[in-house]
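The values are calculated or read from the model by the stated rules, or taken from the named source; none is laboratory data. Keep in mind that what you see is a predicted model, and the values were worked out from it rather than measured. Cβ placement follows ideal geometry from the backbone for every residue including glycine, while neighbour counts extend to all protein chains displayed. When the accessible area is computed, the model is the full protein with side chains, heavy atoms only, and any ligands, DNA or RNA have been set aside. Shrake-Rupley method; radii C 1.70, N 1.55, O 1.52, S 1.80 Å.
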Amino acid sequence: MPLNYDIWRDQVFGQAEDLSPADAEFPEETVDAVNTTNFDHIDQALADAEVHQRYSPKQIGIGLQLIYSNCCSNLCFCYLQAGDDARRVQGIRQMKLLYRNYFDRYCTQPVSSIGNDGEGWLDFTCYMLWDVFVLYPGSASPAMIHASLEVMSDALTLTNDNCLVSALHGLGHWAFEVPEASSIITQWQRKPTTKNPEVLQYAAQAATGCIL
């Protein structure tokens, strides 16, 4: 029987701060079941202000890894398999709150070089999101691709350099298969939301699709 949201939230975000997400053990219905209930719980967590009151940033970082990395659980497959196409598009669009409520809030270290230079799971998930996530052009419907581009484009309206790099990283990976990704970067370059030369240089690189 699916868990209610409060129990699910505590199991996902309430782990010990020194735990590696890959070492976490949960009941199957928490992180292995790919269904609309878990998908609904993910959506709710992205908008849930109590997450920030109940759990430390380290715990939140572990929780986000559990949700978005397929190395840690099956929860991320909700974005590909739970519900119909319209439900998946809804869930993808909700990821705008992942940037606005989580990455923008916690990933605040200055960006002096581009790479996974952060100190914890939050920083890692922010930078590597579109690498560890299961969603990419070859796995998504046209509507899901468009919704994903909306998420990355919305992140580029922020002034947090870490959010910007994360979105540019994702758009750069998508650029060869989805030309609109390069167009989004080019449009942002005309009126960038940062003056950081490292981020601006990375944007130019990402627009070509030639990024690591």
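Observations, loosely collected:
- The sole residue among 209, 170 that is part of a loop (DSSP other than H, G, I, E, B), surrounded by 14 or more Cβ atoms within 10 Å (Cβ to Cβ) and of a type in the set (Gly, Ala, Ser) is 209.
- Residue within the stretch 127-149 that is within 19 Å of residue 11 (Cβ to Cβ) and surrounded by 21 or more Cβ atoms within 10 Å (Cβ to Cβ) present: no
- Here residue 55 fulfils each of the conditions (1) more than 16 Å from the chain's Cα centre (by Cα); (2) surrounded by fewer than 17 Cβ atoms within 10 Å (Cβ to Cβ); (3) modelled with pLDDT of 95 or more apart from (2).
- Scanning the stretch 5-48 for residues that are open to solvent by 60 Å² or more (accessible area, probe 1.4 Å) and either at pLDDT below 90 or within 16 Å of residue 59 (Cβ to Cβ) (or both) returns 6, 7, 10, 17, 18, 22, 23, 25, 28, 29, 32.
- When residues of the stretch 118-147 are limited to those that are within 10 Å of the chain's Cα centre (by Cα) and of a type in the set (Ser, Thr, Tyr), the one farthest from residue 203 (Cα to Cα): 125
- Only one of the listed residues (104, 84) is under 19 Å from residue 33 (Cα atoms), out of contact with any strand residue (DSSP E or B) (no Cβ under 9 Å at 6 or more places or on another chain), surrounded by fewer than 20 Cβ atoms within 10 Å (Cβ to Cβ) and of a type in the set (D, E, K, R). That residue is 84.
- Of all the criteria given as (1) among the hydroxyl-bearing types (Ser, Thr, Tyr); (2) more than 19 Å from residue 8 (Cα to Cα); (3) more than 11 Å from the chain's Cα centre (by Cα), the one not satisfied by residue 73 is (2).
- For the stretch 129-167, the set of residues classified as of a type in the set (Val, Ile, Thr) and not in a helix (DSSP H, G or I) consists of 134, 157, 159, listed by residue number.
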